[in-house]
Structure formats: C-alpha cells, structure tokens
1. Quick check, is E296 more than 22 Å from the chain's Cα centre (by Cα), assigned by TED's automatic domain parsing to the domain that holds L341, of a type outside the set (A, V, I, L, M) and in a strand (DSSP E or B)?
2. For segment 85-108, name all the residues that are of a type in the set (D, E, K, R) and within 17 Å of the chain's Cα centre (by Cα).
3. Test each condition in (1) in contact with a helix residue (DSSP H, G or I) (Cβ under 9 Å, 6 or more places away or on another chain); (2) part of a helix (DSSP H, G or I); (3) touching a residue at least 60 places away in the same chain (Cβ under 8 Å); (4) buried (at least 21 other Cβ atoms within 10 Å of the Cβ) for S238 and report the one that comes out false.
4. Of the residues in segment 310-352, how many are part of a helix (DSSP H, G or I), crowded, with 16+ Cβ neighbours inside 10 Å and touching a helix residue (DSSP H, G or I) at 6+ places or on another chain (Cβ under 8 Å)?
5. Here is a check on your reading of the model: is L346 among the hydrophobic types (A, V, I, L, M, F, W, C) and closer than 17 Å to A272 by Cβ?
6. Evaluate segment 89-110: report whether one residue or more is in contact with a Phe, Trp or Tyr (Cβ under 9 Å, 6 or more places away or on another chain), over 23 Å from V214 (Cα atoms) and outside any helix (DSSP H, G or I).
7. Suppose we filter A318, A343, A272, A239 for residues that are assigned by TED's automatic domain parsing to the domain that holds T215, of a type in the set (A, V, I, L, M) and at pLDDT 95 or above; which single one remains?
Amino acid sequence: MSPQANPLHDNRADVPANAAGGSTAPPPPRDSTKPRKLRVRSWSEKPRQLLTAAIPFTRAQAASRGITRRALDDGRKYQQLDYGVWVEAAPTTRVVAPTWADTEWIEERVKLSGLACIDPNVVACNVTAARLYGLPVPWNADTRMHVAREDKCLSRYRKNVVFHRYEWLRSENFFGLPLVTVPQLFIELARVLTVRQLVELGDAAVGRWHGGPVTTIDEIRAELASRRRVYGRLTAESALDLVRDDVDSPPETRLRLHLIDAGLPEPLVHPAVMCALIGTELHPDMGYPSIRLAIEYEGDHHRSSPTQFAEDNRRISALQAEGWTVIRVSKGSDMSEICRLIAHHLRAGGLI
C-alpha cells in the first residue's frame, strides 16, 4: 500500500503504547483452544465484580432519608460532589461493575450518577462513554464529563461537563449506566479521533477486549448508512474498512496497523491451525496461512505469569510441529526489524 493510499496517516500511536480505557491488569491466561466465534451479550450476561462506590443523592433525597442540612455540612460524613449533589465521605455500598473496572471507572461512574440525579435524561457519550465501555481512547483525550440529551434546545453550563445535543439519541444500560450505543459512539468519535485511533476503538468494540464484543461491524455500518449527514464520515468509513472481528487487544490492533503502514500485506486475524501434537485447533494472533507464518503479540503478563508462559511454549511448539514459523513481538520490540523479518518470509513465500 502506497503512503498516498494508506488511510493510517497518523503514526503517533506506536505499537507499544497503551492508551486503552479501564484497567491495565494482566488478563487471565488465554485458552487458545476455545471457539473463536463471538456473540454480543447484554451487560447482565457479562462477567462482573462488586466494587465499593459512592451513591450520589440530592438534598430532597437526603431529607427523605432523614439526613438534616446540618448533617450534610459535616465533612466527616458527607461530601458535596456537585451543586445540589452529595455522597457519603466513606462509602460502603457495593455496586456491580465489569471485571476489568478499576478506581478510575468507579470515579467516572460516580460523576455520571451524580449528574443523573440532577437530570435523569442525560446519557454519557463521546470519550466518557468510551471509557465506561472500557474501549481504548488516546492518553490525552478530554477528561471532562461528556453527556447528551435528545433535546435541540439544550443550553446548560456545568463545570467540567460538556453537553451535546442529539436529535436522535439511542442509549443502552451498561452495568446500570445510561450510555450512548456503541455504533453511535463510533460515528461521534470520528470527528475527534484519527483513523488509526478509531480502528483501535472499533477492533475493541467488536472483539474480545474487556469481555467484548459490545457491538458488531454490521451494526456500525447500518448506523453510518442511516445518517444523511455525518461529520467525519470519511474517517469513519476509512476506519471501518480496517476494523476486524475477533481481535484480542489494542496492542494487537496497533501491530496489525503497523504492518499495513509499512506496506506489508495485511495479516489474517486468528488464522485456524489444526495441531495434531495436542489434538486441537490453535489461533495465533495473526498470520499468513499460505506460507505458515504466525505472529504473536506478547504483553508483559506473558513473561510474569508462569501459567501463561507455559501455555505460550505449548502453543509455539504445537504450531512449529505443523511447520509454522512463529514471530514473537513485545512492547520493546524493534518494529523496523520485525517488519524486515516478516518481509523476508513473505518474499520467500512469494507474497511480495
């Protein structure tokens, strides 16, 4: 692919970078033998955990609970979250949250819940919704709360809150939070993200990242096709053409895009390899099946987890027994060298 034709015009997102939303804790060892077919599940079907979180309430709600105005002024018991909204200073309530959620996710949840106390019709959108869905956003993305309403006459001001007007607003309940649907979110972020950044978000949304998928490529295409006017349509269309199902993580997306950006043929995501040695089908992160070349991205947990390390060795041995060459890439890899190595194998196999 020539530089002129390559839509990945922004090379700031380097492969080792980690701008993913949510926790960066290592995932459990992956089961390389499980079926690769994905299904969008409602949040009630997804793995969950219970985390402690403050539950915002208004002055009227405080009065109904017998909390006096004087008690609200006691900073040891209550703290003012926003104008007219309070929370307990030492919360004990446990709330349902995704398994990948961390303290930042809880803080975002509390802020959105507090705003909903004042205006029950608000829906999180833009980068706020992306973070709450656990989708990757740039490290320098806006940290203000972004919310929307289906209200053409919306005119409000609140510190650190950005209000968006939506003529047609579709939302869904995600772990008890009102968020704009992911297809709408993808199109909305096409105005502020680069093609590369939007592909990362799209791969995560339709793949396995953080318990996904949360939507499908077809649903995003249908949403885009239904819009007569879209700001950033070219970015959305270019990114959507590069979004792939079944990607495990944003670093794998960045690796695939880096190979495309280097002018190499796009590798297939999770090619199926029947391995007689272990009697099962394996799916390397990406590869070129016609020349039996597999590429594996290995995060830090691949070295720090003995269980994952043993599984990796088992996988590689099984793939090699089938005549596959396995190229391993990590955060510290020299990507120029990796690209030259892959190109060497592609030339030997007649693919370039």
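The values are calculated or read from the model by the stated rules, or taken from the named source; none is laboratory data. The shown structure was predicted, so the numbers you read here are calculated from the model rather than taken from an experiment. For neighbour counting, all protein chains shown are included, and Cβ atoms are generated from backbone atoms with ideal geometry for every residue, glycine included.
1. no
2. D102, E104, E108, listed by residue number.
3. (4)
4. Residues in segment 310-352 being part of a helix (DSSP H, G or I), crowded, with 16+ Cβ neighbours inside 10 Å and touching a helix residue (DSSP H, G or I) at 6+ places or on another chain (Cβ under 8 Å): 6 in total.
5. no
6. For segment 89-110, residues in contact with a Phe, Trp or Tyr (Cβ under 9 Å, 6 or more places away or on another chain), over 23 Å from V214 (Cα atoms) and outside any helix (DSSP H, G or I): present.
7. Of A318, A343, A272, A239, the one residue that is assigned by TED's automatic domain parsing to the domain that holds T215, of a type in the set (A, V, I, L, M) and at pLDDT 95 or above is A239.
Conditions tested, residue by residue: (1) on the phi > 0 side of the Ramachandran plot; (2) loosely packed, with under 13 Cβ neighbours inside 10 Å; (3) outside the structural domain of D142 (by TED's automatic domain parsing).
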residue	(1), (2), (3)
A60	no, yes, yes
R70	no, yes, yes
R76	no, yes, yes
L81	no, no, yes
R109	no, no, no
